Each structure stands twice: as C-alpha cells, then as structure tokens.
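Note sheet for the following structure.
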Amino acid sequence: VEADADWAARVRELARARNAVLLAHNYQVPEIQDIADHTGDSLALSRIAASSDADTIVFCGVHFMAETAKILAPGKTVLIPDARAGCSLADSITGAQLREWKAEHSGAIVVSYVNTTAEVKAETDICCTSSNAVDVVASIPAEREVLFLPDQFLGAHVKRVTGRRNLHIWAGECHVHAGINGAELAARAEEEPDADLFIHPECGCATSALYLAGEGAVAPERVKILSTGDMVHAARDTQARSVLVATEIGMIHQLRKAAPEIDFRPVNDRASCRYMKMITPAALLRCLEQGADEVRVDPATAGRARASVQRMIEIGQ
Ligand code: 13P
Ligand code: SF4
C-alpha cells in the first residue's frame, strides 16, 4: 500500500463513514501524522479523546495510549491499527509489582506515567504525562510520600525540579530514549554552539545536559527539557536557527512543519521506536476497512483506573 492520494482519499472516506476521529502521536511516520485529524503528545491526545463527539476513535500510537482513550471514553469504539504496538516502558512494571511496592510504603501517593497498562493505572492515584509530571507531583501535599513510576529519567527530572526528597522512583526506562546518550549529546552540542537542545525527559542524556550547563560547557538557556508537544510550542518561540533534538525521530516531522526555517536535527538518528512504526499506511487502511483491532479494557479495571486518568487531564491545563 502506497501512501498516495488514492490512499488518503480512501482513508478519509472510511473515517467519515464510521464517524471516526483519527488521532496520531508525534512519533508516527509522517504519512500518518499528515492524514490524522489531530497530531500531538500523549496528554493533548487524551484530552481530545475525552471530549470528542465522534463515535469511533482511531488511535495511531501505541497500545497504552489507545487504552487510555478507552478508559476516558468507555462508550466509544476505540481502534488501533495494530494491537501489537506495545511499549517497553509500560512493560517495565506489572500490577502485582506495584501492589508489592505500595505495601512497602503505606500511605504513599502513587503517580504513574501514562506509559503504563490499565491494570497499573487501576492501582494509581494520579497519572501524568511528560508535559504535566512536575505539576502533578507539585499538587500533592509536601509531607506525603510519593511513588513515581515507571520511568527513572522522568522521575529524576521531576525530583530535580520539585526538590522533593520523599519521591521514590521505579527503575524502568524506555529503550529508545535511554539509548540517546550523554557523550553523544555533549559532542553534538560542542560542534554546534548556537543550537538549542530540545531534550525529552525520558532521555538518559537529560541529566548530562543539565550537568554540562552547570559546568558552563553549554549555555544554560540552550537546554530545554520538554515533552513532545512542548517541543512544538518551543519551536515556534525560539530565536535559534538550529536545534538538536533528543527524542524519537518521528518528532522531527512535526517540528519542521511548525518552524520550517529552523534546522532540526536528531541527536541520535537511530532513535526509532519499532512499536510506533508498526502503524503503517497499510495497517491504518485495514483498520478502517475491518474495524480492527478493537481495544477493550475490562470494565472493572477501567472503572478503577478512570479517576487517576481524569485527574491527569485536569492538571496542567
Ligand atoms: P509525550 O508525547 O507525552 O511527550 O510522550 C512521549 C512518549 O514516549 C510516548 O511514548
Ligand atoms: Fe514506549 Fe519508548 Fe516507544 Fe514511547 S518511544 S512508545 S516510551 S518504547
């Protein structure tokens, strides 16, 4: 299947026939980003899913994102073009592991990144995404212990910004972001002294970048730790002519669209998420033709997870 004009027309026609809204995450391939009704970060897409009046949500992203949409909109049909599109970070903690961790810290507030399964969300007090993690943790009374999971680098970022000592962090990571290393970033930043650095907080190199700024090796105002949606806003605001981007490479497409005059370059051009890339033009077409794969969440689990996800979309508006 070629992502040509016929494909695009067929996708739009089938979406209309199902009264479906097409949502695409910033890491999707360019053809999928361009055909979607909305392209954005995980928080923005969750908010759209919660308020949409379409009958069907077609989620071009990974499974936990589609599951989150189903939790927020239980009456709608939620489809994902390939249900095998998982997430190694979401797989780094199970419901049973979280129950054990909670038992060791009774009374703690559980904050889970949206990159988790519905079962983990059902054990969670408040979910967050990379764009509101700091606001979510700041909303919790200072004396309460916090269990933050599953991403250790996002956790370290939140701990640094909030200065909170009673924040315990699970040792999970996203293999794509963890692989963008500090040495590579430092070398690139040195080669291009005028470039801004846009760094996703899931990256192992976020700490190195702040360290370099602290040492004076990089001007502190160049270092911007941002969610994918906030990168698009920052692209429109920056005065820099070139930007080094540390996140999954799909992001570059949306950044170039937002600010065509800026030279955006990935810090690591091998940082591609194989799960995100399972959503191909052929898979999207099949999804709309067959109404598959449908995403279902056990209603009892969804019921227990809903309050935590609802709080997530309310905080940091
Ligand atoms: P955001 O779009 O929330 O920044 O998330 C990044 C991510 O890794 C999603 O899988
Ligand atoms: Fe999961 Fe990492 Fe892929 Fe995002 S980039 S979906 S966190 S594996």
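Bear in mind these aren't lab numbers, they're just calculated from the coordinates by the rules spelled out. Fair warning: this is a prediction, and the values are worked out from it, not measured in the lab. Counting neighbours? That spans all protein chains shown, and the Cβs are built from the backbone with ideal geometry, glycine included.
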Item to check | log₁₀ of I(q)/I(0) at q = 0.14, 0.17, 0.19, 0.24 Å⁻¹ - region 90-173, Debye sum with one point per alpha carbon | outcome: -0.38, -0.57, -0.73, -1.22
Checklist entry - So, in Å, what gap is there between the alpha-carbon centers of region 250-303 and region 130-202? => result 22 Å
Item to check | Percent of C-alpha pairs per 5 Å bin, region 30-153, short to long | outcome: 2, 10, 19, 22, 19, 13, 8, 4, 2, 0
Checklist entry - Of all DSSP beta bridges located in the chain, what percent are antiparallel, nearest 5? => result 5 percent
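Using square roots of five times the C-alpha gyration tensor eigenvalues, list the equivalent-ellipsoid semi-axes of the chain in whole Å, biggest first.
Listed largest to smallest, the semi-axes of the chain are 30, 27, 15 Å.
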Checklist outcome for this item: With the dipole of the chain defined by +1 on each Lys or Arg Cβ and -1 on each Asp or Glu Cβ, the option from GLY75, SER42, LEU255 whose Cα lies farthest towards the positive pole is GLY75
Checklist outcome for this item: Gyration tensor (Cα only) of region 81-134 to equivalent ellipsoid, semi-axes in Å sorted down, yields 21, 15, 8
Item to check | Cα-based Kirkwood hydrodynamic radius, region 180-266, one decimal, Å | outcome: 12.6 Å
